[in-house]
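The values are calculated or read from the model by the stated rules, or taken from the named source; none is laboratory data. These figures come from a predicted structure and were not determined experimentally. Here the Cβ positions follow ideal geometry from the backbone for every residue, glycine too, while neighbour counts run over all protein chains shown. Ligands, DNA and RNA are excluded from the accessible area calculation, which covers all protein heavy atoms including side chains. Shrake-Rupley method; radii C 1.70, N 1.55, O 1.52, S 1.80 Å.
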Amino acid sequence: IHNRPIARPMDDSVVRVIGALPTVLRRARGYSPWPIPLPGCRRGFLAVGAHQKSAPALGLEGEAIVAPHVGDLDTVAARDRLRLTCEDLERLYECTAKTIVHDLHPDYGSTRFAESLGLPLVGVQHHIAHAAACLAENHGDLPALAVVWDGTGYGTDGTIWGGEFFTCRPGSIERIAHLRPFALPGGEAAVREGRRAAYGVLRATNIDPE
């Protein structure tokens, strides 16, 4: 009698108490769907997130509804769950997506899903998205300085970005400083294998890795 179909798969939320206050690290069961006030947001934007720790969001008038945590999109099952979660958001809030917002990385599972929908697309650089999300969630005022330390992300110039400083103003965000670029031996493999990145740093600083 317990083998019932799962209508909406949902992970447990992860919350840590910091300074006597609960801080949500992963928003899922009990916390989501969750509205975030977003002045100027228009109805019909669907943001499908990145490839890791995916959590899509649906734009309504003046707010965004953040869906439960979907997770990494390495498997077919996870990508199917992303699609079903987005469909569920649209159905629950009676809002059909008109524009899809996705990460700039062309090989992310979320980017490929966005392209499959056949709707107008808006690509957003990964670390710019982090900066904007932090400002939105914490009701940050502009202008602001955003410092994003989030590993690597596909940049607007086609290179791999990492360690950014942004100035944020109404209607614009500018990358004003960043870590020194260096080669990533093996490309994506260097992101997962630290020794490859270390080799690239040594070569960029003219230190013999041997």
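What the table shows:
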| item | result |
| --- | --- |
| Hz values of 3J(HN,Hα) by residue in segment 127-143 - Karplus curve (6.51, -1.76, 1.60), Gly and Pro given as x | 7, 5, 4, 4, 4, 5, 5, 5, 5, 5, 5, 9, 6, x, 8, 10, x |
| Cα gyration tensor shape of segment 1-88, rounded if a/c is under 1.5, else prolate or oblate by comparing a/b with b/c | oblate |
| Highest-MSF residue in the chain out of LEU25, LEU179, LEU121 [GNM, Cα springs under 10 Å] | LEU25 |
| Simple spin-label estimate for ILE176 and ARG91 in nanometres, 7 Å along Cα-Cβ | 4.7 |
| Low-density loop positions, GluC sites (Glu not before Pro), segment 72-122 - DSSP coil, at most 10 other Cβ in 10 Å | GLU94 |
| With every protein chain in place, the chain: carbon and sulfur % of accessible area (1.4 Å) | 56 |
| Between segment 1-15 and segment 20-80, the Cα center-to-center distance that results, in Å | 17 |
| Degrees, to the nearest 10: 76-92 long Cα axis against longest axis of the chain | 50 |
| For segment 131-175: rounded, prolate or oblate by the Cα gyration tensor [a/c cutoff 1.5] | prolate |
| Segment HIS139-SER116, length gained on full extension (0.36 nm per residue, minus Cα span) | 5.0 nm |
| Among ARG192, ARG43, ARG91: highest mean-square fluctuation, GNM of the chain, C-alpha pairs under 10 Å | ARG192 |
| Other-chain or far-sequence residues with amide H under 5 Å of MET10's (modelled H) | none |
| Accessible area in square angstrom per residue, the chain, 1.4 angstrom probe | 62 |
| For mean projected area of the Cα convex hull in nm², calculated from these coordinates, the label among (i) 15.4; (ii) 13.4; (iii) 12.5 | (i) |
| Degrees between helix 194-204 axis and first principal axis of the chain (Cα, 0 to 90, nearest 10) | 40 |
| Förster radius 35 Å - calculated FRET efficiency between ASP80 and ILE36, Cβ distance, rounded to 0.05 | 0.85 |
| Mean ellipticity per residue at 222 nm, deg cm²/dmol - from DSSP H runs of n ≥ 4 across the chain, formula -39500 (n - 2.57) | -7500 deg cm²/dmol |
| Rounded to whole Hz, the Karplus (6.51, -1.76, 1.60) HN-Hα couplings of segment 151-157, x for glycine and proline | x, 10, x, 5, x, 5, 9 |
| Amide H within-cut-off set for LEU38, under 5 Å, with H built and near neighbours excluded | GLU63, ALA64 |
